[in-house]
């Protein structure tokens with residue numbers, strides 16, 4: 001009786017904790033931060049995915065692998081801009097290799113979190129498969145055009161492939177954001193109508 005006067009009683013505290021946090025029990029019984037983050041992001045790896053790719057890795061190790069792979073990919077893509085002047089001068093190889101390899105690393109980094117099968121399933125879903133296909137083909141054509149066509153016309157072909165690659169990457173990434181594509185379309189319409 002006095003427990004309610006000096007603060008919530010044990011059962012009232014349990015009910016309040018369940019209402020606020022969605023859990024009961026002591027702090028030791030509550031899920032760890034990584035487990036709550038995993039379930040909130042719906043990235044619960046299934047047993048088959050865990051057996052297929054890196055079966056010995058914990059979720060924390062997978063998270064670090066994703067972060068490392070993604071950061072290296074973004075760093076490569078950004079540092080490729082230092083070679084952009086060489087691309088304009090007719091030497092496309094340094095820019096194209098760094099930019100495309102960085103994009104490929106960023107794309108593959110998701111395999112650490114969701115596994116390669118689910119990543120491939122996400123890429124081939126009905127709303128993304130065209131953008132994903134154009135993105136992957138543009139990356140392949142960028143490599144081929146910079147390594148095979150080293151003549152002066154090759155730089156223009158590499159530049160075209162990179163522009164297509166960037167547009168496809170943007171369209172593919174916006175498919176993961178709710179109403180992202182619709183927002184981009186409306187922004188482009190308003191910019192053209194100005």
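Return the FRET efficiency for the residue pair residue 125, residue 170: r is the Cβ-Cβ distance, R0 is 22 Å, and the value is rounded to the nearest 0.05. Present the calculation step by step, with values, prior to reporting the outcome.
Values: r = 18 Å, r/R0 = 0.80.
Calculated value: 0.80.
What whole-number distance in Å separates the alpha-carbon centres of segment 177-194 and segment 122-139?
Here the answer is 21 Å between Cα centres.
With each label point set 7 Å from Cα along the Cα-Cβ vector, what nm distance links residue 67 and residue 191?
Between residue 67 and residue 191, the simple spin-label model gives 3.3 nm.
Where a number appears in this text, it was derived from the coordinates with a stated rule and is not lab data. Because the structure is predicted, anything quoted here is derived from the model rather than measured. For neighbour counting, all protein chains shown are included, and Cβ atoms are generated from backbone atoms with ideal geometry for every residue, glycine included.
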